[in-house]
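The next block holds one structure in the form of structure tokens; read it before the comments.
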Amino acid sequence: LVRGAMARSSSIEAGIPDHLSRFIRTDAESIFLSVLPQTHQPIADSILLILFAHLSMKNAKVVGGRELLQGLKKSGVQIDRTDRALGNYLGGSHALVVKMGVRRGVTYKLTERGISKAKEVAKSLTEV
């Protein structure tokens, strides 16, 4: 009984991987960025990094819209709609992110291309 409760209390058991530790932070509720990327599309790239962190740390291939917005807010990014902030990263044959669901049930998932782009952005943050 105690072991089960302890395992559930920590949603991120493995901690932050080394390749993300310079710019990813966590608390009991969310994963967020300590540094925003200095790119042409910093908000969209921040979303990619948070999705990538969920994939790397929690093995969560799909992230809810509310959880994503909460992480962005703690990162210092204020947006109303994630899909609009993603812009051309979302949809199409060259999509980096796939949006699934409607309204409050929206979830987001990185494509293989999105994972590659997130790794590029992460690498640029660790080289600074």
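The values are calculated or read from the model by the stated rules, or taken from the named source; none is laboratory data. Remember, predicted model here, so these are calculated numbers, not experimental data. A quick note on method: Cβ atoms are made from the backbone with ideal geometry, for glycine too, and the neighbour counts reach across all protein chains shown. Protein only, heavy atoms only, side chains kept; ligands, DNA and RNA dropped before computing areas. Shrake-Rupley method; radii C 1.70, N 1.55, O 1.52, S 1.80 Å.
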| said: Ranking request for peptides 51-60, 110-119, 87-96: highest mean number of other beta-carbon atoms within 10 Å first, then the rest in descending order. | reply: 51-60, 110-119, 87-96
| field | Share of pairwise Cα separations in the stretch 37-107, more than 20 Å, in percent | value | 22
| Surface share of carbon and sulfur [accessible, 1.4 angstrom probe, percent] for the chain | 51
| request: Can you give me the three principal axis dimensions of the chain from its C-alpha atoms, in Å, biggest first? | output: 48, 38, 27
| For the chain, with every protein chain kept in place, what is the accessible area per residue (1.4 Å probe, Å²)? | 62
| Full extension from residue 98 to residue 29: what is 0.36 nm times the residue separation minus their Cα-Cα distance, to one decimal in nm? | 22.5 nm
